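For reference, the structure discussed in these notes is given below.
The values are calculated or read from the model by the stated rules, or taken from the named source; none is laboratory data. From a predicted model like this one, the values you see are computed outputs, not experimental measurements. Here the Cβ is made from the backbone with ideal geometry for all residues, glycine too, and neighbour counts use every protein chain on show. Note: accessible area is taken over every heavy atom of the protein model, side chains too, but ligands, DNA and RNA are not part of it. Shrake-Rupley method; radii C 1.70, N 1.55, O 1.52, S 1.80 Å.
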Amino acid sequence: MNFSVKKLRYPLFAISAGLFVWICAASNRLTFPYPWNDESMFFLPADWWARYGNLSPLNVNAPNGIFWVPDGFTVWMGTALRLFGENIQTARGVCEVTVATSVVIFAFAFRRLTGSGWYGLLPTLLLLTPPIIFASNMVRMEAPISLLLAGAILLHSFNLRVGALSFLILGILFHPAPLFAAMGYAAVCASLMIMRRRNDRPHWSEWILLAIVVALFCAEFIRIADHFELFKAHMAVQANRKLEVSLVSKLKKPQALLLLLGTAATGVTLAYRRRLFGFLKSLDALPVAVMGLGLMLYGVLGGEMSYNIYSLSIGPACVFTYIVTSLLERNQAAIQ
Amino acid sequence: VRAHPPAFLFSVLAFAAVAYFGVEWVFASNIGGSAIFSKSRARDMADFSLLNTEISRELRHACQAKPSSAFFFGDQDVLLPYLPTEGDTLFGCKAVLELAPTIIPIQQWRSCNVVGVWEFTPGVAHLNPWSFDQVHAEKFGPHVQIRWQTPDGKTGFIMYEHTCTSAK
């Protein structure tokens, strides 16, 4: 009896963490954040997809489609609306449940990476914070992206790196936010494979996953090529909007300071691991930190409040997991 | 390499995690003008619901008066997803949201059947359409206005009808 309770302790914590996020989000519905125009911008095309099954939403005056953001969210949310009801309340509920689920998955992934329930609990604590609740309450792509990031970290914890990379690349079809994370993760994993000269063959299912993601990317590129002039026009508006805020003012925000601290902490930890374990072994846990730093970098450069989930919660949690994992390994090495 | 006692290591890491958790709940609990567990959230929700009711009533009335009406919502609109739309139809009339990349041509704005709607809520309070009256007036041409706001002035809307529409 005692044994089974002990075994259930962490799953109970993980589920409670998800419930905590969901309850906080539901208690602050429509007030944290207030309804804002981004929701209209993203919900209405999804609603159009749910009703008519096409990407030409007349309700936002876009008969030839929208190209300022990839179509991942429209299709994903449109499908959810089709299944559960075509209204904004359903969309909000789907986002809340998605973020809460991602927190549960993160918690399990952190336990696997740190190898201990108590230590897995610590980075999860960084996710039980207002930016996560803020993201849960937005009808935006941060919800599915957080789920994909959680999935990527979980797959990484099982050493399924191609699968993890596929999830990160898939996230880019929702929003460019995981771009730096995917690039960094791919670079570190590829370097590890090349330097080790080991035949770390990915599982066949990982190749299938990657092939599906590549096919989806091709479909998106073909669509863009078909409407290239419109794509350029929409991206010009988007670029102008992003450039309205100067880089200097973005770098003066606490998010930038946190990125700097995270980078320094990762650097120090890496140097320390290198001294203890040698160069190759020191890179072992690095992909998770690089993923976190990539997310934080995008959050800083993007400078929008909706990116706080990356720069203040998920990014720091990944870096913290790297530090915890490294210290535990060091301790383990010392004991042996 | 000297091993740390697990309890010590855990205490240090736990302190860091709890400190970060606390700092976030203090400093990141107010994002973009909205605060988590804000004391005014019941009132804000009631105001938003009232805004929905008032706009719905005006738009339904406009559509009943002239079934060929087209409702154009401004770029900063937040309410359209909360109205009972079916695709681009609202109460039987056409409803379209103008976005920065999908600008509706000025000639269309000036069509006689168009009703323009701008709202403001605490989330986009800095975009109070009343401060943009001149811009809207130029875009819209001769018009009549319907204005409504909550007693505290935090939530409201402005509707423009062309004089040709309202004369009928």
Legend entry - Cβ-Cβ under 6 Å pairs, at least 6 apart or on other chains, region B:95-116 side without any contact (Cβ under 8 Å) to a residue 24 or more places away in the chain and within 7 Å of another protein chain (Cβ to nearest Cβ), far side of a type in the set (A, V, I, L, M, F, W, C) and open to solvent by less than 30 Å² (accessible area, probe 1.4 Å): B:PRO101/A:TRP68; B:THR102/A:VAL60; B:THR102/A:ALA62
Legend entry - Given (1) farther than 19 Å from B:SER111 by Cβ; (2) surrounded by 19 or more Cβ atoms within 10 Å (Cβ to Cβ), index of the condition B:PHE71 fails: (1)
Inset, instruction - Could you tell me which residue of region B:6-17 is least open to solvent (accessible area, probe 1.4 Å), considering only residues that are within 22 Å of A:PRO130 (Cβ to Cβ) and more than 7 Å from chain A (Cβ to nearest Cβ)? - result: B:ALA16
Legend entry - Residue that is least open to solvent (accessible area, probe 1.4 Å) [pool: residues in region B:27-57 that are of a type in the set (Ser, Thr, Tyr) and within 7 Å of chain A (Cβ to nearest Cβ)]: B:SER34
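Determine if region A:206-213 includes at least one residue that is over 25 Å from A:TYR310 (Cα atoms), exposed (fewer than 14 other Cβ atoms within 10 Å of the Cβ) and of a type in the set (D, E, K, R). Quick ask: steps written out before the conclusion?
Filtering region A:206-213 for residues over 25 Å from A:TYR310 (Cα atoms) gives A:206-208, A:211-212.
From the residues that got through so far, the ones that are exposed (fewer than 14 other Cβ atoms within 10 Å of the Cβ) too are A:208, A:211-212.
This time we only want the ones that are of a type in the set (D, E, K, R), so: none.
Among the residues of region A:206-213, not one is over 25 Å from A:TYR310 (Cα atoms), exposed (fewer than 14 other Cβ atoms within 10 Å of the Cβ) and of a type in the set (D, E, K, R), which makes the answer no.
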Inset, instruction - Tally the residues that are open to solvent by 10 Å² or more (accessible area, probe 1.4 Å) and within 10 Å of chain B (Cβ to nearest Cβ), restricting the search to region A:42-66. - result: 8
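Report yes if A:TYR307 is under 23 Å from A:GLU142 (Cα atoms), within 13 Å of chain B (Cβ to nearest Cβ) and of a type in the set (Phe, Trp, Tyr), otherwise no. Don't jump to the end; show me each part of the working.
Details: under 23 Å from A:GLU142 (Cα atoms): yes; within 13 Å of chain B (Cβ to nearest Cβ): yes; of a type in the set (Phe, Trp, Tyr): yes.
Yes, satisfied.
Based on what the data block shows, is B:LEU79 touching a helix residue (DSSP H, G or I) at 6+ places or on another chain (Cβ under 8 Å) and open to solvent by less than 30 Å² (accessible area, probe 1.4 Å)? Reasoning before the result, please.
On the way: touching a helix residue (DSSP H, G or I) at 6+ places or on another chain (Cβ under 8 Å): yes; open to solvent by less than 30 Å² (accessible area, probe 1.4 Å): yes.
Yes: the conditions hold for B:LEU79.
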Inset, instruction - List every residue pair whose Cβ atoms sit under 7 Å apart, with the two residues 6 or more apart in sequence or on different chains, where the first one lies in region A:80-94 and is of a type in the set (Phe, Trp, Tyr) and the second, anywhere, is open to solvent by 20 Å² or more (accessible area, probe 1.4 Å). - result: A:PHE84/A:THR90; A:PHE84/A:VAL94
Inset, instruction - For region A:109-116, state whether one or more residues are modelled with pLDDT under 95 and in a loop (DSSP other than H, G, I, E, B). - result: yes
Legend entry - Subset tally (residues that are assigned to a loop (DSSP other than H, G, I, E, B), in contact with a Lys or Arg (Cβ under 7 Å, 6 or more places away or on another chain) and either open to solvent by less than 10 Å² (accessible area, probe 1.4 Å) or under 24 Å from A:HIS234 (Cβ atoms) (or both)) for region B:82-123: 2
Legend entry - Residue tally, condition touching a residue at least 12 places away in the same chain (Cβ under 8 Å) and either hydroxyl-bearing (Ser, Thr, Tyr) or not in a helix (DSSP H, G or I) (or both), over region A:250-283: 7
Legend entry - Any chance A:ALA107 is surrounded by 23 or more Cβ atoms within 10 Å (Cβ to Cβ), within 14 Å of chain B (Cβ to nearest Cβ) and in contact (Cβ under 8 Å) with a residue 24 or more places away in the chain: yes
Legend entry - Selection count, region A:111-127, where residues are of a type in the set (Gly, Ala, Ser) and crowded, with 22+ Cβ neighbours inside 10 Å: 1
